1. Kindly indicate the residue of region 45-84 that is among the aliphatic types (A, V, I, L, M) and free of Cβ contacts under 8 Å to residues at least 60 places away in the same chain and also farthest from residue 116 (Cα to Cα) among those meeting that condition.
2. What helices (runs of 4 or more DSSP H) lie completely within region 118-183 and have 1 or more residues being among the hydrophobic types (A, V, I, L, M, F, W, C) and at pLDDT 90 or above?
3. Across region 110-142, which residue is surrounded by the fewest Cβ atoms within 10 Å (Cβ to Cβ) among those that are in contact (Cβ under 8 Å) with a residue 40 or more places away in the chain and among the basic types (Lys, Arg)?
4. Read through the list (1) over 28 Å from residue 190 (Cβ atoms); (2) in a strand (DSSP E or B), then give the number of the only condition that residue 68 fails.
5. Within region 85-102, track down each residue that is free of Cβ contacts under 8 Å to residues at least 40 places away in the same chain, in a helix (DSSP H, G or I) and under 15 Å from the mean Cα position of the chain (by Cα).
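The values are calculated or read from the model by the stated rules, or taken from the named source; none is laboratory data. Quantities reported herein were computed from a predicted structural model and do not represent experimental measurements. Note: ideal-geometry Cβ built from the backbone for every residue, glycine included; neighbour counts use all protein chains shown.
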Amino acid sequence: MNLNPTAAIVDLLHGIASRPWFYDRIQSFAGQKENLDRIARHAGALGAGTVVDVGGGTGTSRTLWPTNCRYVCLDLEMPKLEGFRSRVPDGLAVLSDATQMPIATGVVDVVMCMAVAHHLTDGMLNQVFGEALRVLRVGGRLILLDPVLNRKLLAGRILWRLDRGSHPRTAEELRENLEGKFHVVHWEKFAIYHEYVFGIGVRP
């Protein structure tokens, strides 16, 4: 039983935020459209036939990919996946831990990892990148977009206090993790409320 009133309130808010309607609006407020627009500038050139969206939530990033693309929305929270299926009735929704993806080896063109890394310990992040490496075909892409720690941004500091992600990293730390397994072909930093990094790694 949690006797800390502040923690109890935060837990309650997190429970509410996991509901699809609230989740989508929180993501929208946090700048999701700007993030998706940034990825969209690269997505069209990838010619992806199969995409696995790690921590895909309610599947809003489905709009990035052609209608004939096999899009797999993978998430740990059933309410979000139900929100995805209500939007895309024939969509492939997978309730799973990304450190052990129930996906065959070498069959995926793109793995998306958007706003997920800061929820993972160092060991878990290494496992997720390892699983992405396994499921991607040779030449496949890992798309990484995540908020990073920048104590100079007041709005970012406030958002980190509210975010369930307890493992914020610097841009340099995330790039080092990505380069440990992938050949980085794109890397940029930008800011909305948080500061973000957006990277694309190629499976060698």
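1. So the residue we want is 45.
2. Passing ranges, in order: 122-135, 171-179.
3. 137
4. (2)
5. At the first step, the residues of region 85-102 found to be free of Cβ contacts under 8 Å to residues at least 40 places away in the same chain are 85, 87-97, 99-100, 102.
Now restrict to residues that are in a helix (DSSP H, G or I): 85, 87, 99-100.
Once the filter is applied, which keeps residues that are free of Cβ contacts under 8 Å to residues at least 40 places away in the same chain, in a helix (DSSP H, G or I) and under 15 Å from the mean Cα position of the chain (by Cα), region 85-102 yields only 99.
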